1. Can you find, within region B:67-85, the residue that is farthest from the other protein chains (Cβ to nearest Cβ) among those that are over 21 Å from the mean Cα position of the chain (by Cα) and without any contact (Cβ under 8 Å) to a residue 40 or more places away in the chain?
2. For the structure I just gave you, tell me whether A:VAL180 is within 14 Å of chain B (Cβ to nearest Cβ) and crowded, with 18+ Cβ neighbours inside 10 Å.
3. Restricting the search to region B:286-308, which residues are farther than 14 Å from B:GLY107 by Cα and not in a helix (DSSP H, G or I)?
4. Restricting to region A:256-297, what's the tally of residues that are in contact with an Asp or Glu (Cβ under 9 Å, 6 or more places away or on another chain) and either exposed (fewer than 12 other Cβ atoms within 10 Å of the Cβ) or β-branched (Val, Ile, Thr) (or both)?
5. Any idea which residue in region A:56-89 is surrounded by the most Cβ atoms within 10 Å (Cβ to Cβ), counting only those that are farther than 18 Å from A:VAL18 by Cα and basic (Lys, Arg)?
6. Could you list, in sequence order, all residues of region B:111-131 that are out of contact with any Gly (no Cβ under 8 Å at 6 or more places or on another chain) and either over 20 Å from A:SER119 (Cα atoms) or among the hydroxyl-bearing types (Ser, Thr, Tyr) (or both)?
7. Restricting to helices (runs of 4 or more DSSP H) lying wholly in region A:179-277: which have 3 or more residues that are more than 17 Å from the chain's Cα centre (by Cα) and closer than 22 Å to A:LEU45 by Cβ?
Amino acid sequence: MANLDLARLQGIARKCRVQILRMLTHAGSGHPGGSLSVIDILTTLYFNRMRYDPERPDWEDRDRLVLSKGHCVPAQYCCMAKAGYFPESQLITLRKLGSPLQGHPDRMMVPGIEAATGSLGQGLSIAVGMALGLKLAGKSARVYCVLGDGEIQEGQVWEAAMSAPKLGAPDHHLDNLCVVLDYNGIQLDDHVKKILDLEPVADKWKAFGWPVLDIDGHDIAQIDKALDQAESLKGRPTFIVAHTVKGKGVSFMENEPEWHGKAPKPAEAIRGIREIVGEPVPSWVAPVISELEQLEKK
Amino acid sequence: MAAKASRAAFGEALIELGARDERIVTLDADLSKSTMTARFAKAYPSRAFNVGIAESTMIGVAAGLALSGRIPFACSFACFLVGRFETIRVSVAYSQAPVKLVGTHVGIAIGEDGYSQMGMEDIACIRALPNIPIVQPADELETRQAVAYAVEHPGPIYLRLTRQNLEPVHGDGYRFQLGQAEVLRPGSDVSIAASGGTLWNSLEAASKLAADGIQAEVLNIATIKPLDEETILRSAGKTGRMVTVEDHSLQGGLGGAVAELLAEVMPTPVKRLGVSGFGESGDPKGLYAKHGLDPEGITRSVRKFLNR
């Protein structure tokens with residue numbers, strides 16, 4: 001997409017990282033590592049790529065995002081709040097009784113969430129169906145699907161991987177589908193390599209008929225360029241291997257399996273937020289820090 | 001109308017409906033010749049998708065199609081379809097994706113192929129989900145109407161269809177309505193609730209019982225979820241005895257649903273007839289006789305239940 005305003009997008013991603021730590025700390029549970037690894041990808045999608053209208057979440061021509069790694073929905077909530085789907089003040093109700101912000105995505109509770117996910121391995125099949133449905137309806141909208149790396153150990157992913165490059169042919173090739181793998185190298189129990197190595201992951205998807213792009217999933221310019229390439233590739237869906245760092249931006253969380261599914265304590269969140277924003281602490285962060293300090297005292 | 005399998009009636013109805021509504025698409029997992037959607041695929045090749053032997057993906061793709069405005073019928077043997085319960089649970093039910101799930105080859109009536117191909121626990125599984133109605137039609141007429149209804153239904157729905165031919169039990173004037181049971185034969189001594197493949201046998205049993213002076217009321221529970229509580233309670237209140245007959249596991253199916261209702265609202269003696277244990281290979285007639293689901297077996301069980 002033209003006019004890539006890197007500074008603006010990096011600023012949004014930074015704000016979202018702060019919000020992720022903040023909301024997970026309030027919730028007392030959740031998945032910081034993968035939310036921090038995927039946020040640059042989601043930021044690029046929401047603020048420099050996808051066509052959508054928060055006022056009309058069911059707009060037929062909207063682009064769709066299926067976050068198949070549903071446990072990282074806090075990252076998506078941050079983008080959606082920033083985009084105007086719901087007030088940012090609602091973010092800290094994550095996982096609380098009565099909040100629409102469920103621990104994993106709920107399509108009916110949050111307009112703009114395209115599918116319930118969180119039971120890993122299912123999102124790609126849904127995205128394939130959406131891409132096919134849009135083609136059948138003659139729509140030019142695109143479908144994005146974000147997979148976790150541990151997630152692709154699920155067999156259903158490979159069924160869909162086998163199917164997507166062929167389904168719809170010859171009239172409706174699914175070149176409106178773009179899949180991004182958030183390859184942060186860690187799953188719940190341990191490093192992916194130690195549990196069940198995925199390599200050679202790019203070759204596997206290539207063998208299944210997908211053009212594969214290999215990028216740094218924290219370099220917004222690279223992400224945006226890859227999304228451009230995917231959009232111009234005709235006849236087949238595209239697979240992007242985005243190399244990421246679990247817990248990216250918070251030194252003590254980076255590459256640590258224990259931060260897959262553990263919420264930070266208020267003091268830890270404050271430390272993390274200070275790392276993310278640097279010195280001097282920007283004016284919009286000060287209230288977040290004092291709010292977390294209050295939480296610490298409770 | 002002649003006897004016809006509900007899967008065959010489904011396949012024919014879908015072709016007619018497909019001509020009127022181009023949003024209708026079919027999904028199969030290499031069983032389209034058995035689920036009877038193969039002819040739909042011939043008639044509308046660009047609207048029929050065979051994903052290969054990959055039921056989970058078939059269900060997920062159907063969810064995506066439903067969420068982008070298509071009316072997808074996802075079809076397989078009931079055991080393979082509902083066997084992918086977790087995908088149905090999250091991608092279809094929780095996503096509120098209006099997928100039309102079609103499970104064929106239900107029960108021991110499929111015969112020789114044996115247990116691994118028999119849809120035996122599908123009602124129990126789908127019943128546990130909060131938002132998927134279960135419809136089991138009993139003859140060609142009812143099947144055609146149920147399929148037409150499924151197209152209109154705003155949410156997900158499950159159709160449970162047979163491999164075997166079903167004798168007609170309805171006259172031309174019958175109109176299927178979701179959630180509505182019907183009294184096919186009135187009686188005062190005992191109620192027999194059935195649907196699908198066991199309904200005809202239940203009617204035959206009622207005739208045999210009548211010859212011995214036992215008046216059985218036969219209910220067609222075409223919609224297993226949501227149950228027509230009013231009709232069931234009215235009948236049980238009148239007869240004071242309820243027998244359920246189904247080609248499904250004894251646990252969690254029609255019998256379970258009816259027993260739960262009666263136990264809570266109007267405790268009534270209930271006898272559930274169905275399949276206990278695994279199914280097995282054999283000729284369908286022999287299997288029905290072995291499991292007491294043929295007219296003689298039903299008659300015997302009802303007599304014993306009534307001590308007559």
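The values are calculated or read from the model by the stated rules, or taken from the named source; none is laboratory data. Because the structure is predicted, anything quoted here is derived from the model rather than measured. Here Cβ is always computed from backbone atoms with ideal geometry, including for glycine, and neighbour counts include all displayed protein chains.
1. Looking at the filtered set, the residue picked out is B:LEU67.
2. Numbers: within 14 Å of chain B (Cβ to nearest Cβ): no; crowded, with 18+ Cβ neighbours inside 10 Å: yes.
No: the conditions fail for A:VAL180.
3. Taking region B:286-308 and keeping what is farther than 14 Å from B:GLY107 by Cα, we get B:295-308.
Once the filter is applied, which keeps residues that are farther than 14 Å from B:GLY107 by Cα and not in a helix (DSSP H, G or I), region B:286-308 yields B:ASN307, B:ARG308.
4. Here the count works out to 1.
5. The selected residue is A:LYS69.
6. Scanning region B:111-131 gives B:ASP113, B:SER116, B:GLN117.
7. On the way: elements: A:192-196, A:201-207, A:220-232, A:266-277.
Helices (runs of 4 or more DSSP H) meeting the threshold: A:201-207, A:220-232.
For (1) under 18 Å from B:LEU254 (Cβ atoms); (2) surrounded by 23 or more Cβ atoms within 10 Å (Cβ to Cβ); (3) within 14 Å of another protein chain (Cβ to nearest Cβ), each residue gets a yes or a no:
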| residue | (1), (2), (3) |
| --- | --- |
| B:SER116 | no, no, no |
| B:PRO133 | yes, no, no |
| B:GLU142 | yes, yes, no |
| B:VAL147 | no, yes, no |
